[in-house]
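One structure below.
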Amino acid sequence: MSASTTTDLGSLPQAWPLPTTPRPITIIGAGSIVADAHLPAYRALGFTVEAIVDPDLDRAKALADRWGIDRAAANLAPSTWHADTIFDVAVPPQALDDVLAALPVGAAALVQKPLGLDLAHATRLRRLARERGLRAAMNFQLRFAPSMIALAHLVRSGALGTLTDLEVRVTCSMPWHQWPFLKSLERIEFTQHSIHYLDLLRSLAGEPRQVWARAVPHPESGGLSATRSSAILDFGEHIRCTLSMNHHHAHGPRHEASELRVEGTRGAAVARMGVNLDYPVGQPDALEVAVDGQPWRTVPLVGSWFPTAFRGPMCNLQRFVAGEDAALVSPLDDAWRSMQVVEALYESSDHGGTPLPADPDAAP
């Protein structure tokens, strides 16, 4: 990247192209993520949501009424969808088997992460999707955040040089009570939250060769499993990659953090993921870049992870179904590989670290 290029950071790509002829959407699930992100994103694009399906019919009706959606239903009956509809599956991972099995053969579906509760479950879900001929993508929307599309362009164009450092640090107070289904899960941190960052890091650096990790619960989490973690990903001898997650920082916003730092031999970038700071209202995302010895510069962004990034996966799926995109960004095969990393991290955490050497001079 030349000096002249760095003066026009506003020209970096930040959005996925729209489908020429958007198809209607049927949303399965009426939880907070749908209300906070899916529906605002689709309305901003002018996409039509024709139905909301949720076993809690009252909740589905309330959400449909609030957003002016014509139909609400408690199950996926044929009367709730049209032949060309796109299914937006936003349910907890333990519900995915039944939902995917109920989708029409050959349906196009955007599936909320994670792909199951563990790698074995992910493998069963992938097989089920293949058997039913589903054209399915995983809703790993962080890749589609304006800041991350711009950052990925910088990395892939070589503007930052050879990657040397990748670091994710999140220190915040996460309102876990908003997701009651988490109480029944043995795994939370890597599968439900950090999988976003793991998927993003894979998209930037490729497949890690091995991992190290430790995930721990918080004594005041209300009985949730581990919601804090430290992890190292091995992307080769030249890249240092770490993730540090503390979702129980209850001491005010002054020293909260939510950022991805990327360094290379020619430049560096720091991206703030504002949604973690006072979720779900959050703060605006930010992206700063320093290249070829130039001063740090701020990239003007056109939106944030929540809800702007939720436009991208749906646009990609719609364009793929229409033949306008050659491939899905996050097909289930790729999502399975993110679950593969998650599984390795939990195995590392469960097996423990290397004990300290004994003191040869200690008294017996």
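Some observations on this one:
- Every Cα-Cα pair of the chain was included, and the share exceeding 33 Å stands at 30 percent.
- Shape call, region 13-69: gyration tensor on alpha carbons, a/c limit 1.5: prolate
- Backbone amide hydrogens, once placed in the peptide plane, bring Phe306 within less than 5 Å of Val275, excluding anything fewer than 5 places away on its chain.
- Where labels lie 7 Å past Cα in the beta-carbon direction, separation of Gln283 and Ala257 in nm: 1.3 nm
- Per the Cα gyration tensor, region 90-175 maps to an equivalent ellipsoid with semi-axes of 32, 17, 12 Å, ordered largest to smallest.
- MRE, 222 nm, helices only [DSSP H, n ≥ 4, -39500 (n - 2.57), over the chain, to nearest 500]: -8000 deg cm²/dmol
- Close amide H pairs (under 5 Å, H built 1.01 Å from N) link Ala286 with Arg272, Gly274, residues at least 5 positions away or on another chain.
- Using distinct alpha-carbon pairs, which all enter the 1/r mean, Kirkwood radius of region 268-364 in Å: 18.4 Å
- Amide H contacts for Val49 (H built 1.01 Å from N in the peptide plane; partners 5 or more residues away or on another chain; cut-off under 5 Å): Ile25.
- Once the chain from Thr48 to Thr164 is taken as fully extended at 0.36 nm per residue, the excess over their C-alpha distance is 37.4 nm.
- For region 143-305, the fraction of alpha-carbon pairs lying more than 29 Å apart is 20 percent, rounded to a whole number.
- Sites His177 and Asp65, calculated FRET efficiency, Cβ-Cβ separation with R0 22 Å, nearest 0.05: 0.30
- Efficiency of FRET from Cβ geometry, Glu324 and Glu207, R₀ 30 Å, rounded to 0.05: 0.60
- Cα-centre dipole for the chain with unit charges at Cβ (Lys and Arg positive, Asp and Glu negative), debye to 20: 640 debye
- Volume of the convex hull of region 45-87 (Cα atoms only), normalised per residue: 71 Å³.
- Beta bridges per DSSP, both residues in the chain: antiparallel share near 55 percent.
- Across region 200-243, the residues whose backbone nitrogen lies under 16 Å from the label position 7 Å along the beta-carbon direction of Thr265 are 236-240.
- Phi-based couplings in Hz for region 108-124 (Karplus 6.51, -1.76, 1.60; Gly and Pro marked x): 9, 9, 9, 10, 5, 6, x, 7, x, 8, 7, 5, 5, 5, 4, 5, 5
- The label-point distance for His351 and Val216, in a model that sets each label 7 Å from Cα toward Cβ, rounds to 2.1 nm.
- Between Ala74 and Asp234, the simple label model (points 7 Å from Cα in the Cβ direction) yields a spacing of 5.3 nm.
- Each residue of region 36-47 is assigned a 3J(HN,Hα), and the resulting list reads 7, 9, 4, 5, x, 5, 5, 5, 4, 8, x, 6 Hz, derived from the Karplus form 6.51 cos²θ - 1.76 cosθ + 1.60 (θ = phi - 60°), x at Gly and Pro.
- Rg(Cα)/(2.2 N^0.38 Å) for region 197-290, N = residue count: 1.22
Computed from the coordinates by the stated procedures, all read-outs in this text should not be read as laboratory data. No experiment lies behind these values; they were computed from the predicted model shown. As a convention, Cβ positions derive from the backbone with ideal geometry for all residues, glycine included, and neighbour counts pool all protein chains shown.
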